[in-house]
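To start, the structure itself, in structure tokens.
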Amino acid sequence: MLNMQTKLEQREKEGKIIRTGIVGAGQMGRGMITQMVLMKGITPAIVSDIKVENAVNAFKYAGVTDEEIVVAKTLEEANAAMKEGKYVACADADFISHADLVECAIDATGVPDVGAKVATDALNNKKHVVMLNVETDVVIGPYLKKLAEENGVIYTGSAGDEPGAVMELYCFATAMGLKVEVMGKGKNNKIDYDCNPDTVLEEATRRKMSPKMLCAFKDGTKTMVEMTAMCNYTGLVPDVIGGHGPKTSPGTEGIKELNEVFKLKKDGGIFDKHGVVEYVDGVAPGVFVTVSTDNEEIAYQLAYHSMGPGPLWTLYRPYHLCNLETPLTVAKAVIDGEVTCVAKDGLVAECITRAKIDLKAGQTIDGIGGFTTHGSICTAAEANEKGYVPYGLITNKAVMKKDVKKGTLITYDMVELDKSTLIYKLRKEQDAMYGRHVL
């Protein structure tokens, strides 16, 4: 993002303010909206939330006055208010993709099917899309990328979210000619596969979070989703289903330990192969890439620069500001015409579905951050071969066909999916596109 502040300042001077439309004013959306109001050259022109008061309050966190906010009930009202320079709050997410002045739509809901609709509507209306909803991206990212290309606009993941943050390190390392052997993130919350929205309610309330969101962090689903995105952006793969999740010391000491832990098994490490993604319990928050080189001079130089003796060296970014960095991805798309991170053609990995509890035939199950299932990761090839169900297709209308034990990886023959959802239909199109398992 070098020199982006200069580019945004110039847009401000020229009156070419980038107007964004944001769907979702929960914790992620709220922080992003507040941050964007305070920036130059960009503005959250219109915000949608099913609870319109959430959108209004998001503006107020940034000091926007009541007089500057218009609650629009029709698209015509929204367009008129935006032309007057007002901040628009609404309950109808469709306004975002149809508003005249919006250049870029952002989905911050975390709901896979909502993300699918927001993205497709916006792209078909020639608007750039920044997807903060990684849960959607790991299911239909390649489809959305192609749709964007067909419409002459950009579809991209977000800076700040861990997949976007670690892509900065990946691009930095590979541009210098280093080989990325491991790419990943620190685990911010201790793994608790058994947690559910009820067990985390007290902590979620204290931290001003949605219980479902916190549950998705704690049961590992978010980590699996994020590592799946890393694979799809780079071509790296998980070493084993679910990853190893090694423990290290916190901070700098933990980074030094990774250089040893991340060796191959034959050399005393944990991996069967390199070219993988992984998460770590200890080095958190933050993201990392562990690199190697075949050149003796470069190895000497890395050691000289206090990176360690090799043969592995870890580059570490000790923070990711998630939603607060999202506006920079918008700017990069609109001003430079570039993506921050986007899936390759076809999926490399899948976030698949694992039973959180014993499930019974006829039982209705739920998805992300719920009571009955959580996510894991495996290669797309293995998921296709064994028929593992992409986690983003599990909704609260999915019904079990068979009894399965806790810990079982759910396959298509075990569950009746809700085939009426948009994301199901788009995934079916994407599968056909790439000759994979057709739903």
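The values are calculated or read from the model by the stated rules, or taken from the named source; none is laboratory data. None of the values given here were measured: they were computed from a predicted structure. Virtual Cβ from ideal backbone geometry, glycine too; neighbours counted across all protein chains shown. Please note that ligands, DNA and RNA were not included when accessible areas were found on the heavy atoms of the full protein model with its side chains. Shrake-Rupley method; radii C 1.70, N 1.55, O 1.52, S 1.80 Å.
Just the Cα atoms of the chain: what Rg and Dmax do they give in Å?
Radius of gyration, then largest Cα-Cα span, for the chain: 21.7, 67 Å.
Considering only the other residues whose Cβ falls under 13 Å of the Cβ of LEU359, what net charge follows from Lys and Arg at +1 and Asp and Glu at -1? Don't jump to the answer; show the numbers that get you there.
Working: positive: ARG354, LYS356, LYS360, LYS401, LYS402, LYS405, LYS406; negative: ASP358, ASP366, ASP403, GLU416.
Result for the local shell: +3.
Based on the alpha-carbon gyration tensor of the range 44-113 and its eigenvalue square roots a ≥ b ≥ c, which shape applies: rounded if a/c is under 1.5, prolate if not and a/b is larger than b/c, or oblate? Spell out each step's value before the answer.
Details: a/c = 1.67, a/b = 1.15, b/c = 1.45.
The shape class here is oblate.
Please work out the ratio of the alpha-carbon Rg of the range 43-168 to 2.2 N^0.38 Å and round it to two decimals. It would help to have the intermediate numbers written out before the result.
Working: Rg = 14.7 Å, N = 126, 2.2 N^0.38 = 13.8 Å.
Cα Rg divided by the expected 2.2 N^0.38 Å: 1.06.
Tell me which lysines have Cα within less than 19 Å of LYS360's Cα, excluding those fewer than 8 residues away on the same chain?
Straight-line reach from LYS360, under 19 Å: LYS397, LYS401, LYS402, LYS405, LYS406.
Run the 1.4 Å probe and let me know the accessible area of LYS222, rounded to the nearest 10 Å².
Only protein atoms counted, so the area is about 30 Å².
Using the Cα centre of the chain as origin and beta-carbon charges of +1 (Lys, Arg) and -1 (Asp, Glu), tell me which of PRO163, THR340, MET414 is placed farthest towards the positive end of the dipole.
MET414
Run through the DSSP bridge list for the chain and note the antiparallel percent, rounded to the nearest 5.
On the way: 26 of 58 bridges.
Here the share of antiparallel DSSP bridges comes out near 45 percent.
Which cross-chain or sequence-distant (5 or more) residues have an amide H under 5 Å from the amide H of VAL88, H modelled 1.01 Å from N in plane?
Close amide H contacts, sequence-distant or interchain: ILE46, VAL47, VAL70.
In the range 85-230, carbon and sulfur make up what percent of the accessible area (probe 1.4 Å)?
Numbers: 2560 of 5000 Å².
Taking all protein chains in place, the range 85-230 shows 51 percent carbon and sulfur surface.
Springs between alpha-carbon pairs under 10 angstrom, Gaussian network model over the chain: which of GLU202, GLU260, GLU296 fluctuates most?
GLU296
Fully extended, how many nm does the chain gain between GLU296 and MET209 (0.36 nm per residue separation, minus their Cα-Cα distance)?
Stretched fully, the GLU296-MET209 segment lengthens by 26.4 nm.
Please check: in the Gaussian network model of the chain (C-alpha springs, under 10 Å), which one of ALA383, ALA58, ALA204 has the largest mean-square fluctuation.
ALA204
Roughly speaking, what is the stretch gain from TYR193 to TYR304, that is 0.36 nm per residue apart minus the C-alpha to C-alpha distance, in nm to one decimal?
Values: separation 111, 0.36 × 111 = 39.96 nm, distance 4.25 nm.
Full extension from TYR193 to TYR304 adds 35.7 nm.
What whole-number value in cubic angstrom gives the convex hull volume per residue for the C-alpha atoms of the range 254-336? Before the final figure, lay out the partial values.
On the way: hull volume 11.8 nm³, N = 83.
Value for the range 254-336: 142 Å³ per residue.
Quick one: if the Förster radius is 56 Å, what FRET efficiency do THR252 and ALA62 give, using the C-beta to C-beta distance and rounding to 0.05?
Using R0 = 56 Å, I get an efficiency of 0.95.
Between ASP267 and SER420, what is 0.36 nm times their sequence separation minus the Cα-Cα distance? Round to one decimal in nm.
My answer for the length gained is 50.1 nm.
Averaged across orientations, what area in nm² does the convex hull of the alpha carbons in the range 1-104 project?
Values: hull surface 24.8 nm².
Average projection, Cα convex hull of the range 1-104: 6.2 nm².
Could you pull out every residue, at least 5 positions away or on a different chain, whose amide H is within less than 5 Å of the one on THR408? Hs are placed 1.01 Å off N in the peptide plane, and Pro or chain starts have none.
Correct list: ALA355.
Considering only protein heavy atoms and a probe of 1.4 Å, how much of the accessible area of the range 294-439 is carbon and sulfur, as a whole percent? Walk me through the numbers before you get to the answer.
Working: 3440 of 6550 Å².
The computed percentage sits at 53.
Given the whole protein assembly as supplied and a 1.4 Å probe, what does the accessible area of HIS128 come to in Å², nearest 10?
For HIS128, the solvent-accessible surface is approximately 40 Å².
If each Cα of the range 305-395 is one equal point scatterer, what is log10 of I(q)/I(0) from the Debye formula at q = 0.16, 0.20, 0.22 Å⁻¹?
Calculated log10 I(q)/I(0) at the listed q: -0.96, -1.02, -1.05.
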